[in-house]
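Chemist: What follows is a structure written as structure tokens; I'll ask about it next.
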Amino acid sequence: MAIEIHVPDIGDFDAVEVIEVLVAVGDTVVAEDSLISVESDKAAMEIPAPQGGVITELKVAVGDQVSEGSLMVMLEPAAESAVDAPPAEAPAATPAAAAPVPATATPTAAPQQAPRRAAPMAPAKIDETSFSKAYASPSVRKFARELGVNLGSVAGGGRKGRITQADVKAFVKNVMMHGGPGSYGGGSGGGLQVAPMPEIDFGKWGDVESKALTKINKLTGQFLHRNWVTIPHVTQFDDSDITALEVFRKKMVPEYKEQGIRITMLAFLVKAVVAGLKEFPRFNSSLDASGENLIYKKYYNVGIAVDTPDGLVVPVIRDADKKSLVEIATEMGEISIKARDKKLKPADMQGGCFTISSLGGIGGTKFTPIVNAPEVAILGVSRSKMQPVWNGEGFEPKMMLPLALSYDHRVIDGADGTRFTTYLSSVLAGAPEELL
């Protein structure tokens, strides 16, 4: 019969948040195996099982608030010999079995002409500094050490950017399949083998000041670093004639300004991008975890990169295909305010299909945006300017908008990249009323 397992004494905390559930229904645990991870304002801790058995029911979920005495799981006790004694063979659900690393076996008897086997790739030395600063639970740290993974190179996909066991597995799988960033050395194709940056005393040349990166800076840096080195980027540049569209937009501005709505070029770009995604569905897809299948999405959620004092965030406009231009402009104003006031929730930045990064309000002529994985493409927009354009007989003044489309070359080839920017330019140069 299953028994109740409650949260034990956790010190001077009235309530703490569950940040990770480390077991699932059907799992067999032994005494002192971790069941859940909780986090207070001061520390994170794992709560262990008081005895061995089989998990029959989970009573908490990530995000729940628990305190001493809260019910965590239902556990069916098992005989000590069956649970606490290590089995002859590792069960299939152990981390090592879920994410195997290469290993050489020593056969008891081998034929004289046995083929030579390649030596396994050896994990490089772990960078203890970045490893210790990584945001991960003790069990995940132990798991990473077993696989020789530098946690400092792993992007956290858990709550608040926490690195989970699944993130470590995905990191190892990516390294083995694609030779991505990681701590694996060895022969050709075994990894990037990038030497660590040397520690430099910049103070010996003059006065310096050290300021800690914000949490957003750190998480964004890890995320973009992973995307840059694991995705084969190609950037396609183009210029779009927005002369008529800009005249149309400026006529709308006074009317909606009184309602507190800013009609920007970015709102028109969202509508144009949705049209492009419908015309070229491959741009509205993502590779699955195996990298062997393409997931086509039937919804159109567009991410908008927003610059905040603490760093870059990308809130998502959901179902952009079902919203009018004014509705999109209104929502963009709302999410920009929420982003700068630090009121965006994690759900507000998830589920994007395609991202737009606009720097036109600041300046610049061109840039190469980094793909916002698991999306396969991102559009960079720079400042528009009046330019002379040849019409076959003479030059005409045209307002031209620079576009930079970066895409994952595993999914999109150069021809389709060019077709997408050409189509996007034609939509922006077409009848402005069609984008309302």
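The values are calculated or read from the model by the stated rules, or taken from the named source; none is laboratory data. Keep in mind that this is a model prediction, so the values were computed, not measured. Positions of Cβ are generated from backbone atoms using ideal geometry, with glycine treated the same way; all protein chains shown enter the neighbour counts.
Chemist: Restricting to the stretch 329-373, what's the tally of residues that are touching a Lys or Arg at 6+ places or on another chain (Cβ under 7 Å) and aliphatic (A, V, I, L, M)?
Modeler: Qualifying residue count, the stretch 329-373: 2.
Chemist: As an exercise: evaluate K398 against (1) basic (K, R); (2) within 30 Å of L294 (Cα to Cα); (3) surrounded by 13 or more Cβ atoms within 10 Å (Cβ to Cβ) and give the number of the one condition it does not meet.
Modeler: Of everything listed in (1) basic (K, R); (2) within 30 Å of L294 (Cα to Cα); (3) surrounded by 13 or more Cβ atoms within 10 Å (Cβ to Cβ), K398 misses just condition (2).
Chemist: Return yes when K215 is under 26 Å from A373 (Cβ atoms), among the charged types (D, E, K, R), surrounded by 15 or more Cβ atoms within 10 Å (Cβ to Cβ) and modelled with pLDDT under 85 and no when it is not. It would help to see each step written out before you state the result.
Modeler: Numbers: under 26 Å from A373 (Cβ atoms): yes; among the charged types (D, E, K, R): yes; surrounded by 15 or more Cβ atoms within 10 Å (Cβ to Cβ): no; modelled with pLDDT under 85: yes.
Against the criterion (under 26 Å from A373 (Cβ atoms), among the charged types (D, E, K, R), surrounded by 15 or more Cβ atoms within 10 Å (Cβ to Cβ) and modelled with pLDDT under 85), K215 does not qualify.
Let's see how each residue does on (1) in contact (Cβ under 8 Å) with a residue 12 or more places away in the chain; (2) within 27 Å of K133 (Cα to Cα); (3) not hydrophobic (A, V, I, L, M, F, W, C):
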{"position": "I3", "(1), (2), (3)": "yes, no, no"}
{"position": "P8", "(1), (2), (3)": "yes, no, yes"}
{"position": "L22", "(1), (2), (3)": "yes, yes, no"}
{"position": "G26", "(1), (2), (3)": "yes, no, yes"}
{"position": "V29", "(1), (2), (3)": "yes, no, no"}
{"position": "S37", "(1), (2), (3)": "yes, yes, yes"}
{"position": "Q51", "(1), (2), (3)": "yes, no, yes"}
{"position": "V62", "(1), (2), (3)": "yes, yes, no"}
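Chemist: I'd like to verify a number: residues in the stretch 306-337 that are within 21 Å of the chain's Cα centre (by Cα) and in contact (Cβ under 8 Å) with a residue 60 or more places away in the chain, how many?
Modeler: 5
Chemist: If you go through the stretch 164-179 one residue at a time, do you hit one that is of a type in the set (D, E), modelled with pLDDT of 75 or more and not in a helix (DSSP H, G or I)?
Modeler: Within the stretch 164-179, the first condition is being of a type in the set (D, E), and the residues that meet it are 167.
Of the ones still in play, those that are also modelled with pLDDT of 75 or more are 167.
Now narrow it down to the ones that are not in a helix (DSSP H, G or I): none.
No, the stretch 164-179 contains no residue that is of a type in the set (D, E), modelled with pLDDT of 75 or more and not in a helix (DSSP H, G or I).
Chemist: All but one of (1) buried (at least 18 other Cβ atoms within 10 Å of the Cβ); (2) part of a helix (DSSP H, G or I) hold for G303, so report the exception by its number.
Modeler: Only one criterion in (1) buried (at least 18 other Cβ atoms within 10 Å of the Cβ); (2) part of a helix (DSSP H, G or I) is unmet by G303, namely (2).
Chemist: Is one or more of the residues making up the stretch 29-39 assigned to a strand (DSSP E or B), at pLDDT below 90, surrounded by 18 or more Cβ atoms within 10 Å (Cβ to Cβ) and more than 30 Å from the chain's Cα centre (by Cα)?
Modeler: Within the stretch 29-39, one or more residues are assigned to a strand (DSSP E or B), at pLDDT below 90, surrounded by 18 or more Cβ atoms within 10 Å (Cβ to Cβ) and more than 30 Å from the chain's Cα centre (by Cα).
Chemist: To continue, here is another question. Given (1) buried (at least 16 other Cβ atoms within 10 Å of the Cβ); (2) closer than 14 Å to C353 by Cβ; (3) not aliphatic (A, V, I, L, M), identify the lone condition not met by Y296.
Modeler: The number of the failed condition is (1).
Chemist: Given the conditions (1) over 22 Å from G360 (Cα atoms); (2) under 36 Å from the mean Cα position of the chain (by Cα), report the number of the one that E393 does not fulfil.
Modeler: (2)
Chemist: Where residues in the stretch 204-252 are among the β-branched types (V, I, T) and in a helix (DSSP H, G or I), which of them is nearest to V389 (Cα to Cα)? Give the steps one after another, and end with the answer.
Modeler: Taking the stretch 204-252 as the starting set, the residues that turn out to be among the β-branched types (V, I, T) are 208, 214, 216, 220, 229-231, 234-235, 242-243, 247.
When the remaining residues are screened for being in a helix (DSSP H, G or I), the result is 216, 220, 229-230, 243, 247.
On the way: I216: 42, T220: 39, V229: 38, T230: 39, T243: 11, V247: 18 Å.
Among them, the one singled out is T243.
Chemist: Starting from the stretch 144-157, take each residue that is in the same structural domain as V168 (by TED's automatic domain parsing) and surrounded by fewer than 20 Cβ atoms within 10 Å (Cβ to Cβ) and list its partners that are small (G, A, S) and assigned to a helix (DSSP H, G or I), counting only C-beta distances under 6 angstrom and pairs at least six apart or across chains.
Modeler: Listed by first residue and then by second, the contacts come to G152/S130.
Chemist: Looking at I356, I362, which is the one that is out of contact with any His (no Cβ under 8 Å at 6 or more places or on another chain), crowded, with 20+ Cβ neighbours inside 10 Å and within 14 Å of L266 (Cβ to Cβ)? Even if it seems obvious, please write down each step before you answer.
Modeler: Numbers: I362 fails: crowded, with 20+ Cβ neighbours inside 10 Å.
Among I356, I362, only I356 is out of contact with any His (no Cβ under 8 Å at 6 or more places or on another chain), crowded, with 20+ Cβ neighbours inside 10 Å and within 14 Å of L266 (Cβ to Cβ).
Chemist: A further question on this structure: Taking the stretch 240-266 as the region of interest, how many residues are surrounded by 14 or more Cβ atoms within 10 Å (Cβ to Cβ) and farther than 18 Å from I378 by Cβ?
Modeler: Filtering the stretch 240-266 down to residues surrounded by 14 or more Cβ atoms within 10 Å (Cβ to Cβ) leaves 240-246, 248-249, 252, 256, 261-266.
Adding the requirement that they be farther than 18 Å from I378 by Cβ leaves 241-246, 248-249, 252, 256, 261-264.
Count: 14.
Chemist: Any idea how many residues of the stretch 48-69 are assigned to a loop (DSSP other than H, G, I, E, B) and under 15 Å from V16 (Cβ atoms)?
Modeler: To start, the set of residues in the stretch 48-69 that are assigned to a loop (DSSP other than H, G, I, E, B) comprises 49-52, 59-64, 67-69.
Filter once more, keeping what is under 15 Å from V16 (Cβ atoms): 60-64, 67-69.
Residues that pass the stated criteria total 8.
Chemist: Continuing with the same structure: Going by the structure shown, is P120 surrounded by fewer than 13 Cβ atoms within 10 Å (Cβ to Cβ), over 30 Å from T220 (Cβ atoms) and modelled with pLDDT under 70? Write out each step before concluding.
Modeler: On the way: surrounded by fewer than 13 Cβ atoms within 10 Å (Cβ to Cβ): no; over 30 Å from T220 (Cβ atoms): yes; modelled with pLDDT under 70: yes.
So P120 fails the test.
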